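The values are calculated or read from the model by the stated rules, or taken from the named source; none is laboratory data. Being a predicted model, the structure only gives us computed values, none of them experimental. Please note: Cβ atoms are built from the backbone with ideal geometry, for glycine as well, and neighbour counts cover all protein chains shown. Please note that ligands, DNA and RNA were not included when accessible areas were found on the heavy atoms of the full protein model with its side chains. Shrake-Rupley method; radii C 1.70, N 1.55, O 1.52, S 1.80 Å.
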Amino acid sequence: MMFKHNFKKVLSATAFAVALVVAPAANVSAATNDASSTQQSATATSQDQQASQDQAASQSSAANQSSATAASASSSTSTSSATSTSTVKKTTKKAKKTTKKSKKKTSKKKAVKKVAKKTTKKRATKKAAEAAAKKAAAVKKAAAKKAAAAKKAAAKKAAAKKAAAVKKAAVKKAAAKKAAAKAAAKKKAAAKKKAAAKKKAAKKSAEKAAKYWIAMRESSGYYTARNGSCYGRYQLLISYLGGDLSKKNQERTADRYVYGRYGSWVNAKRFWLAHNWY
């Protein structure tokens, strides 16, 4: 659009210049023709005056003058025409040169504009690419941060789970240990109790055997045996029995006497073996 507008302007200027050049050329041609006519009239008048003197000479002179005038007019016309053509050619050449220069200038402007547009587009593309790269980097960074946070959370959760499992195992182990200790203590207590019971049973058996042994040595086991002031199965002083000679009282009184004096029937037996009495 810009090129067409400039070309129209150049054409208008060229037409105007051609008009300016052609118009003076036409005026020069008209002036030359007027001068030629005036000269011819003067020549005719001179010929009339000389006709009276020498008609033949006048005619010859008139003919020569007419030829000279015609040649002069033809030369003037040719010169004017040549001048006008040269001016038109120069003007056309100048107009063409101006048009060419205008075209070149327009083409240069168009090229500059195209380069500027290309540069602007390139800059915009570069800027868009940079923005896209920046955005991609930001997205990548955010994704990496999110992944790191997720990984950290997963690791924390796994550590918590492991700690809970370890704690549970420790509690279970402690409970098992406690149960085992309790079972061991119970077993030990049972064993101890059993041993104590066994010991007690053995002691009781020993006591019973020692008591029986003394009774057999003292009275052959009879509750009614008497030897002076001693009476019964264990030959106790009658005063110890307090008037009650029953089997039950004899057993009770004999136990009280032995445990009070010797601590046990076994010790009483041991004393009897050493002294033949208790």
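In table form, for the structure just shown:
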item: Long-range neighbours under 7 Å by Cβ, at least six apart or interchain, first residue within 17 Å of residue 259 (Cβ to Cβ) and at pLDDT 95 or above within the stretch 234-246, second among the acidic types (Asp, Glu) and open to solvent by less than 60 Å² (accessible area, probe 1.4 Å); result: 234/218
item: Unique residue being modelled with pLDDT under 65 and open to solvent by 100 Å² or more (accessible area, probe 1.4 Å) when the list is 53, 65; result: 53
item: Within the stretch 85-104, considering residues that are within 60 Å of the chain's Cα centre (by Cα) and touching a residue at least 24 places away in the same chain (Cβ under 8 Å), the one least open to solvent (accessible area, probe 1.4 Å); result: 102
